[in-house]
């Protein structure tokens, strides 16, 4: 589906944008989310899904506990990582190369003003995608995210402003799981972390995983994604999304 339209939203599904950023630092992507949320609240753009991969970074959500970050600033710098306190729910998590990170910017009323249902839809999307690889993901009644056994394979944390969502999910495709040892992931001490590559015992193509996630995202969220990742796909709408400020997008 690269470079074209993602399929699976069904006839009559509302249009939405798909933005693939590639590898982009967390700070720029967070700013893009803020601008996208403002544009969506103003009804200047449709719903959209941002897919991205970040350099090594830890993010600590609202109400997160700093003691769950086990390294100080100097130690983080030595391993090439940064720490951001962010405005999503949840505690601390890691983002880095080898993850598929998705940020749905979605106006909730179309599917119901229910934040918990939004979280369940993200989980359902990822559970269905993992099933295509023969991996049985499941929910844990006590913790948001997607699990395989007692190990988390996808972290989820969101923010909602005027019923528009931001932040989202990080699916471990084939990251360096050693970086999770520097935190207590999501503040949960008694459970582990895993990846698709570890479970399958082989390397996994990001493209394969991305395609599966997009298929099921369209089905679960009842949307029709249109790929705006190439310049010809988004430049004419750039003004409404970025305003007069410099664009954080890689050119």
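None of the figures in this text is laboratory data; all of them are computed from the coordinates on show. The shown structure was predicted, so the numbers you read here are calculated from the model rather than taken from an experiment. Here the Cβ is made from the backbone with ideal geometry for all residues, glycine too, and neighbour counts use every protein chain on show.
Tell me the angle of helix 115-131 to the major Cα principal axis of the chain, expressed in degrees between 0 and 90 and rounded to the nearest ten.
80 degrees
How much length is gained if the chain between residue 202 and residue 189 is pulled fully straight, taking 0.36 nm per residue apart and subtracting their Cα-Cα distance, in nm to one decimal?
1.9 nm
Extending each Cα 7 Å along its Cβ direction at residue 176 and residue 23, get the distance between those two points in nm, one decimal.
Computed distance between label sites residue 176 and residue 23 equals 1.2 nm.
Kindly provide the helix-only [θ] at 222 nm of the chain, computed as the sum of -39,500 (n - 2.57) over DSSP H runs of four or more divided by all residues, to the nearest 500 deg cm²/dmol?
-8000 deg cm²/dmol
Can you say what percent of the DSSP beta bridges in segment 15-236, counting only those with both residues inside, are antiparallel? Round to 5.
Bridges in segment 15-236 are about 65 percent antiparallel.
Relative contact order of the chain, please, whole-number percent, based on alpha carbon pairs below 8 angstrom and at least 6 residues apart.
That works out to 30 percent.
Once both axes come from the Cα atoms, what is the angle between helix 206-221 and the longest principal axis of the chain, in degrees from 0 to 90, rounded to 10?
60 degrees
Compute the normalised compactness of the chain: alpha-carbon radius of gyration over 2.2 N^0.38 Å, N being the residue count.
Compactness ratio reported: 0.96.
Going by average Cβ neighbours within 10 Å, how do the peptides 98-105, 126-133, 81-88 rank, with the highest at the top?
98-105, 126-133, 81-88
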